[in-house]
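Student: One structure is given below, represented as structure tokens, and several questions about it will come after.
The values are calculated or read from the model by the stated rules, or taken from the named source; none is laboratory data. Note that the structure is a prediction, hence the values are computed from the model and not measured. Note: ideal-geometry Cβ built from the backbone for every residue, glycine included; neighbour counts use all protein chains shown. Ligands, DNA and RNA are stripped out before the accessible areas are found, and what is left, the full protein with its side chains, is counted by its heavy atoms. Shrake-Rupley method; radii C 1.70, N 1.55, O 1.52, S 1.80 Å.
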Amino acid sequence: MADFRALILQRHRHLKWKAFDWLEAVLMVLSGVCIFMFTLTVFCDVVTRTLGAPWLWLQQVTTAFFAWGVFIGMAAATRRNDHFYLTEITKRMTGAPRSAIEIANRVVVLIVSVLLIWFGWKNALLDLGSYRMPSLLPLTVYTAIVPAAGVLILLFTIEQLVNGWRHGFEGPEDRDDLPQFVVEEIAK
Amino acid sequence: MSAGGILILMGILFLGFGYMGVPVSFALMAGVFVATAFTPVSLQSMVGQLFHGIDSETLLAVPFFLLVGELMASSDVVHRMIRLSQTLVGHLRGGLAQVVTLFSMFFAGISGSSVADVAVLTRTVAPEMDKEGYDRAFTAALIACASTMANLIPPSIMAVVYGATGNVSIGGLFLAGVVPGVLIGIGLMVYSYFWGPVGVMKPRAKFIDVAVAARGAALPLIIPVIIMGGILTGWFTPTEAGMIAAVYILIVLIPVLRPTHVKELPRDFMYAGLLYSLPLAAVAGASAFGWMVAYLRGPDIVADYITSFAGTDGRIIMLLLVALFVIVGDFIDAVPAIIIFMPIILKLTEVGHINPLHMGVVIITTLVFGLITPPYGLSLLVASKYVGVGFGKALVRSFPLYIVFFLTIGFCVFFPDVVLWLPKMLLPESVGCFKSPTGVGYICPP
């Protein structure tokens, strides 16, 4: 079974280009940095408040790291196929039907990512005129992560579409993703 | 297209895409974006809504409780709590089954994640149960059922999400979750005692063994005290309590109990960073979805439908909502389900004159049941996978345990005074009480 904690997940290797591995590693590191930073800022918030000299801007830094972490993690999870799924019905399929559904799924994600980029960008530009008090940071500092994550999701979805089209979507790790009874059925 | 038609289209698209294999967060977004095209609402504002859905300081508690669970599970300090559980209940009939349940109650007080509980138990107790001849299907079923307590006994991630989106006191939800959590624990222990496998009977541990085990487990067991103590004394918000628990593990627990794990901490943070983004990505999609449901007056449509059966009788409304959420929980993960249906829940809480905290506990207990029901019974899926038994077999063995959950949900619906007793005593404002003008005691709603 794949090491899910690895910096670069080796599962679904056939759907990945080596050239993008560094990007996955960077996103994982950034995910760790975000959660570490907002743990630190909430800690400092409690300490400064207890000392009677609260740093009000800390809460804004906290929410920024929190929101960035969500969207960075969302992009990383797209490359690692780590998102929450209602079902993994496609993993039980093979051949052309499997390819057709996998491609359709990624086209849906592709369209969503394009909408995130376009409208997220427009929102980010609009937010240049809105500020958070008391630091007067433009709201864009927060919302710019939406189109940025959209670009990464688009990139990883195209990567999977191209590689899936060339090599097929099926891989040996599909068994790991399945409930044991399906693995046993396949083994028979 | 009518509002009802758009709502149905949005729901069908979400479930259709979801069951085709599109990730939950993207399936939610796709459903909302298509529905938006049939309304005067702009796509730009819906994309903005995705961000605003997670731009909440209260939701920060989610990563902290996940981090706490992740640090505890990966640093493997939990075996001390397992040893304590063994000395306390290991001598009973079905000893290791009792250990699973008691340990889950302890672990639930530390982590808000059922999956972390499953991961720990399948790695530690499950192999022992295998050696003692326990049926693997029973082992998987019991571990999955016991793990659900992590979402009831505080801290609970579901309670954080419910409180943040429904504007209900999170501290109050934590306290109110204790009763259903403990009831499920007792129910599982009673079932294991009378109807579960016998296992290997062991002698009762001596007092000195219990004392030694309790001393060994004292450091991890301080975590629930930190979390609930901090919240109840008003020192910390639930978010800050989660952070303090994480810092305590980092500064005290790991260096003292497992110093070799320190070099693994960057990896723990990276993985926890990825882990927390998954439910919150679903929260982002679900908040836009929930916003659209509210915009299209979905709560009024559903409330009219439900009140046509139930009138304004709070108990019948609750039972109908329980039926709805048993079905919803079978198909959708609890976190997006809470957010999508929150406008409807709030409307019905108002119509039935139900205490919001009481409604919250009933809904969370019902959704917790969804973790062990097919096809989206996440805890049961993970437990059966790691125990190495077919999902179907584990499912059959979990059917009798469902009775425990039905009884607990029924108890929560019909005995609100018992469920709300703890929050009423310790956090009276959370159940709608306010300080008496005389300055002595509280005045509470009937």
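Student: How far is it, in nm, from the label point at A:Leu155 to the one at B:Ile208 when both lie 7 Å from their Cα along the line to the Cβ?
Tutor: The two pseudo-label positions are separated by 6.4 nm.
Student: Hey, another quick one. Using Cα centres only, tell me the gap between the stretch B:281-310 and the stretch B:322-398 in whole Å.
Tutor: 17
Student: Further, regarding this structure: May I ask you to compute the full-extension gain from B:Val225 to B:Met425, defined as 0.36 nm times their residue separation minus their alpha-carbon distance, rounded to one decimal in nm?
Tutor: That works out to 70.3 nm of additional length.
Student: In a GNM of chain B with a 10 Å cut-off on Cα contacts, which of B:Asp117, B:Asp135, B:Asp55 has the highest mean-square fluctuation?
Tutor: Per the Cα network of chain B with a 10 Å cutoff, B:Asp55 tops the list.
Student: Once amide H atoms are placed 1.01 Å from N in the peptide plane, what residues at a sequence separation of 5 or more from A:Arg132, or on another chain, have their amide H within under 5 Å of its amide H?
Tutor: Hits under the 5 Å cutoff: A:Leu137, A:Leu139.
Student: Moving to a separate point now. Using a 1.4 angstrom probe on heavy atoms only, work out the carbon and sulfur share of the accessible area of chain A in %.
Tutor: 73
Student: Another one. Under a no-solvent Debye model with one identical scatterer per Cα of the stretch B:362-435, what's log10 I(q)/I(0) at q = 0.16, 0.17, 0.19, 0.27 Å⁻¹?
Tutor: Debye intensities relative to I(0), on a log10 scale: -0.68, -0.72, -0.80, -1.17.
Student: Using a 1.4 Å probe on the protein chains only, how many percent of the accessible area of the stretch B:380-446 belongs to carbon and sulfur?
Tutor: The C+S portion of the solvent-accessible surface of the stretch B:380-446 is 74 percent.
Student: Let me ask another. With viscosity set to 1.306 mPa s at 10 °C, what whole-number translational diffusion coefficient in µm²/s follows for the stretch B:301-388 from Stokes-Einstein and a Kirkwood radius over Cα pairs?
Tutor: The diffusion coefficient I find is 117 µm²/s.
Student: Return the sequence-ordered ³J(HN,Hα) values of the stretch B:438-443 in whole Hz as given by the Karplus equation 6.51 cos²θ - 1.76 cosθ + 1.60 applied to θ = phi - 60°, using x for Gly and Pro.
Tutor: Whole-Hz 3J(HN,Hα) from phi for the stretch B:438-443: 6, x, 10, x, 10, 10.
Student: Just tell me how shielded B:383-389 is by partners: mean number of partner chain Cβ atoms within 10 Å of each residue's Cβ, no decimals.
Tutor: Mean partner shielding for this stretch: 3.
Student: Taking every Cα atom in the stretch B:1-139, find the radius of gyration and the maximum pairwise distance Dmax, and write them in Å.
Tutor: That works out to 22.4, 66 Å for Rg and Dmax.
Student: Next up: Please build a GNM for chain B, connecting alpha carbons under 10 Å apart, and tell me which residue among B:Ile110, B:Ile227, B:Ile403 fluctuates the most.
Tutor: It is B:Ile403.
Student: In a GNM of chain B with a 10 Å cut-off on Cα contacts, which of B:Ser398, B:Ser42, B:Ser75 has the highest mean-square fluctuation?
Tutor: B:Ser42
Student: Gap in Å between the Cα centre of the stretch A:139-159 and the Cα centre of the stretch B:1-53?
Tutor: Going from one Cα centre to the other spans 19 Å.
Student: Chymotrypsin sites (Phe, Trp or Tyr not before Pro) within the stretch B:1-85: which are DSSP loop residues with at most 11 other Cβ atoms inside 10 Å?
Tutor: none
Student: Pairs of alpha-carbon atoms within less than 8 angstrom and 6+ residues apart define the contacts here; what relative contact order does chain B have, in percent?
Tutor: Reported as a whole number, the value is 23 percent.
Student: Between A:Ala19 and B:Ala294, what is the spin-label point distance in nm, taking each point 7 Å from the Cα along the Cα→C-beta axis?
Tutor: The modelled label-to-label distance comes out at 4.5 nm.
Student: Kindly compute the accessible surface that chains A and B hide from a 1.4 Å probe when together, both sides summed, and give it to the nearest 100 Å².
Tutor: Summed over both sides, the interface buries about 5800 Å².
Student: Give the share of C-alpha pairs in each 10 angstrom bin for the stretch B:123-256, from 0 to the last occupied bin, in whole percents, shortest bins first.
Tutor: Each 10 Å bin holds this share of Cα pairs: 10, 28, 35, 22, 5.
Student: Pick out, from B:Phe341, B:Ala205, B:Asn355, the residue whose Cα sits farthest towards the positive end of the charge dipole of chain B, with +1 on the Cβ of Lys and Arg and -1 on the Cβ of Asp and Glu.
Tutor: The one lying farthest along the dipole's positive direction is B:Ala205.
Student: Kirkwood Rh, Cα Rg: Rg to Rh for the stretch B:87-162?
Tutor: 1.00
Student: In addition: Which length gain, in nm to one decimal place, applies between B:Tyr402 and B:Asp330 when the Cα-Cα distance is subtracted from 0.36 nm times their residue separation?
Tutor: 24.6 nm
Student: So what's the convex hull volume per residue for the Cα atoms of chain B, in Å³?
Tutor: Roughly 151 Å³ of hull volume per residue.
Student: I'd like the Kirkwood hydrodynamic radius of the stretch B:220-326, using the inverse of the mean 1/r over distinct C-alpha pairs, in Å.
Tutor: 18.2
Student: Zone of A:Ala104 (label point 7 Å along Cα→Cβ, backbone N under 19 Å): which residues in the stretch A:68-85?
Tutor: A:85
Student: 222 nm [θ] for chain B, helices only, -39500 (n - 2.57) per DSSP H run of 4+, per residue, to 500?
Tutor: -23500 deg cm²/dmol
Student: Between A:Thr50 and B:Val182, what FRET efficiency comes out of the Förster formula 1/(1 + (r/R0)^6) with R0 = 22 Å and r the beta carbon distance, rounded to 0.05?
Tutor: 0.10
Student: Which cross-chain or sequence-distant (5 or more) residues have an amide H under 5 Å from the amide H of B:Tyr442, H modelled 1.01 Å from N in plane?
Tutor: B:Ser436
Student: Turning to a different aspect of this structure: Amide H to amide H, which residues 5 or more places from A:Ile8 or on other chains are under 5 Å from it, using H placed in the peptide plane?
Tutor: none
Student: Right, another one. Over the Cα atoms of the stretch B:270-349, how large are the radius of gyration and the largest Cα-Cα distance (Dmax), in Å?
Tutor: Both quantities, over Cα of the stretch B:270-349: 14.6, 51 Å.
Student: Karplus couplings for the stretch B:260-272 from phi (6.51 cos²θ - 1.76 cosθ + 1.60, θ = phi - 60°), rounded to Hz, Gly and Pro as x?
Tutor: Here the 3J(HN,Hα) series is 5, 7, 4, 5, 8, 4, x, 5, 4, 5, 4, 5, 5 Hz.
Student: Now for a different question. Expressed in whole Å with the largest first, what are the equivalent ellipsoid semi-axes of the protein assembly as shown derived from the C-alpha gyration tensor as the square root of 5 times each eigenvalue?
Tutor: 35, 31, 27
Student: Just the number, please: carbon plus sulfur as a percent of the accessible area of the stretch B:142-279, 1.4 Å probe, no ligands or DNA/RNA counted.
Tutor: The C+S portion of the solvent-accessible surface of the stretch B:142-279 is 71 percent.
Student: Are any of the pairs A:Lys122/B:Lys347; B:Lys131/B:Lys206; A:Lys18/B:Lys393; A:Lys16/B:Lys393; B:Lys206/B:Lys385 more than 32 Å apart by Cα-Cα distance, and if so, which?
Tutor: A:Lys122/B:Lys347; A:Lys18/B:Lys393; A:Lys16/B:Lys393; B:Lys206/B:Lys385
Student: Where Rh is the Kirkwood radius over the Cα pairs of the stretch B:59-100, the temperature 37 °C and the viscosity 0.692 mPa s, what D in µm²/s does Stokes-Einstein return?
Tutor: Calculated translational D: 279 µm²/s.
Student: Let me ask something additional. Calculate the dipole size of the stretch B:233-331 relative to its Cα centre from +1 charges on Lys and Arg beta carbons and -1 charges on Asp and Glu beta carbons; express the result in debye to the nearest 20.
Tutor: Approximately 320 debye in magnitude.
Student: Please compute the per residue accessible area over chain B with all protein chains in place, 1.4 Å probe, rounded to a whole number of Å².
Tutor: Solvent-accessible surface per residue comes out at 36 Å².
Student: Now for a different question. Quick one: 3J(HN,Hα) in Hz for the stretch B:242-259, Karplus 6.51/-1.76/1.60 with θ = phi - 60°, rounded, Gly and Pro as x.
Tutor: So the J values, rounded to whole Hz, are x, 5, 4, 4, 5, 5, 4, 5, 5, 8, 10, 4, 5, x, 7, 8, 8, x.
Student: Looking at chain B, which Cys residues are left with no other cysteine's beta carbon under 4.7 Å from theirs?
Tutor: B:Cys145, B:Cys412
Student: Compute the Rg to Rh ratio over the stretch A:1-139 from the alpha carbon atoms, using the Kirkwood formula for Rh, and round to two decimal places.
Tutor: 1.08
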